[in-house]
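Novice: Here it is, the structure, as structure tokens.
What follows is calculated from the coordinates using simple rules that are stated; it is not laboratory data. The shown structure was predicted, so the numbers you read here are calculated from the model rather than taken from an experiment. Cβ coordinates were reconstructed from backbone atoms using ideal geometry, including for glycine residues, and neighbour counts include every protein chain displayed.
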Amino acid sequence: MFTFLSQAAIPPTETEELIKHGLDITGHVLIFFASAITIYLALLFGGRTLKRRFALPIGWAYHLFCIAAALFIPSRFPPLAFPHNEHTGALLILTGALVLIGFVRHYFFDILFQQKNNSQVPKFLSEFVSICIIVAATLIVLQGVYGIFVPGLLAGAGVAGIVLGLALQDTLGNIFSGFSIYFGGIFKAGDWLLIDNRHAQIVEINWRSTRLRTTDEARLDIPNSSITKQTIVNYNYPTSVHAIRLDIGLAYDAAPTLVKTILIESALDCPLVLRQPAPDVFLNEFASSSVTYQLRFWLDDHANYNPATSDIRTILWYALRRHNISIPYPIQQQVILPHPKPHAENRELIREAIGKTIIATWLSPAQIGQIVDSARIVCFGRGESIIRRDAEAGPMYVLARGSAEVWIEAAGILKSAAVLGPDACIGENSVLTGERRSATVIALDDCLAVEVNKSILAPIISASPELLESLSDLLAGRRMQNEGIVAEAAGAALQAKKHDYKVGFLGKLKTFFAV
């Protein structure tokens, strides 16, 4: 009965067609899965080969891309097509975008950009490019796969975008400031900055802020929009070689040239300080309790800032102690000083210097003592002019310590005429006759000199007019000597006579001292 009804309900020909159709479907399914597995394995094998050879970043996103491609490619052929394969196409586009992001990050940012610019790419730039790729892939899926009208969708979202833009105004400002930091070349990760009087190294520049690490290992997180408005010193731009300035106040009685030498030697004793460019020193200020010097030295890594400054200060402390140079305390005292009198040591130094001059041969011990009581010790630093050519008449100097060089003008050219050592007289012609200076004398090192002016010599000459003859003879001899040097330098013959010079100087001496 059952067999009869079945045969009556389904004709034999239709049964055969159903069976045949079922077999066709089964065959297509088997072919589809076989094709999908083949495509998946081929893509996976190719990806692993590229990963081993070119170090491509093959991860979970690539596996999803292989699966989507294995499902989508066979479905494009009519015998193997199945309904709703547009979802597989959408999945293929989105996973392909993820794979593209990995390739862009690896090749463009990690390899090409770092090799060309020798710097790390900011994290926010990589994230921005990734978001652009995802947005582009999404728009392609919406309009190309599902037929959604994207311009209309964007127009509808415009109002919401304006609202979000106003709400996220600070965040957007930080993002655009981050782009200006990167593309403007202001600074990059790894650079050392001086910001808000703090030394800090950039760790990361992200969407919102710049993160830094100070020399005390403290972390700073400064919004990008804020950091672009500040004055910043970048110790790594244009190169990592940069100068550091160190101020120190020292006692007023310390010779500046000696202090400069000590500071430079202390800096060179620190192994972290560069030899080229060489350290140098500037005298910055005469402060209320000290003289302020500024030492400038060079580093090639700002991470050495604290160790270098500490080492230099330590070395300098010992060097100053060895040279009896003190670091004064900032104190103020009001003291009424009497008229200064020559110290006993200075008096002996003055007596010794005057006693070795040619003038002393014509002076009595009492007259020499009169000069010693009134003369004073003066200091000249290395490179300083003791007297200048064509300057007004001034005092005479007797070198007690140090040396100096005499420069004269011959045929319009300045030439070195002589080097003077201790006990040499400088400017005796000017102090005795009132004539302008005839040469320039420059200290070759720190010099101590005895200063003797007209007011000291006038009482002695008035009381002993016979000295005028001896002094005029001295000046005539010195004039002949000087003009002989000038004539030799100029290639001319000396025609002046000593007697004429002596007569002329005698008249000038009498007039100048009113004798």
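Novice: Find out how many positive minus negative residues lie around residue 309, taking Lys and Arg as positive, Asp and Glu as negative, among other residues whose Cβ is under 13 Å from that of residue 309.
Specialist: +1
Novice: Would region 364-424 count as rounded, prolate or oblate if I go by the C-alpha gyration tensor, calling it rounded below 1.5 in a/c and otherwise prolate when a/b exceeds b/c, oblate otherwise?
Specialist: Prolate, because a/c is 1.5 or more and a/b exceeds b/c.
Novice: Here's a follow-up. Using the basic label-point model (7 angstrom from Cα toward the beta carbon), what is the residue 373 to residue 233 distance in nanometres?
Specialist: 5.7
Novice: For residue 211 and residue 284 in one chain, what is 0.36 nm times their gap in residues minus the Cα-Cα distance, to one decimal in nm?
Specialist: 22.7 nm
Novice: Among 428, 348, which comes first, second and so on when ranked by fewest other beta-carbon atoms within 10 Å?
Specialist: Ranking 428, 348 by Cβ neighbours within 10 Å, fewest first, gives 348, 428.
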